[in-house]
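Q: Following this message is one structure expressed as structure tokens.
What follows is calculated from the coordinates using simple rules that are stated; it is not laboratory data. Just so it is clear, the model here is predicted, and its values are computed rather than measured. We place every Cβ from the backbone using ideal geometry, glycine too, and count neighbours over all the protein chains shown.
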Amino acid sequence: MSPITMFKINKWDLKAPDRQYYKSVVAKYHSSEGGKTEHVKVRNGEPIYTIKMVYQTSEATKASAKAKLSGLNDIEASLSITVVGNAELIAEQPIIIQGVRTGVDCWWVVKQAKHSVSASVYKMSVDFIK
């Protein structure tokens, strides 16, 4: 399929992550043995994300920190466009967008394609992920 260019796009909306990727997460728990707050760090490097909640056990703290780190770095960009209808645009299809702007001009994967016909106008809304 040929690239989708700015001339074919009626409307577009880009949602891109505006926060940095975290290299590590710090979480804490209250040690019943020592009677004090202990810190657990998952991975090394900066920037560091700190979980404010104090957990009951070191196991729960580690599990939460690992899950948080994974979730923080699982951010993906999304793009929504409205174009003249094209039956070739289907879910999971890779498409290149060209001529829009930096950050948009690249390969995208169709997440969802909604077709609509009204008053002899065939258009579609397409949601992409990177």
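Q: For segment 93-109, indicate whether the set of residues that are among the polar types (S, T, N, Q) and at positive phi is non-empty.
A: no
Q: Would you check if residue 117 is crowded, with 16+ Cβ neighbours inside 10 Å and either assigned to a strand (DSSP E or B) or among the hydrophobic types (A, V, I, L, M, F, W, C) (or both)?
A: no
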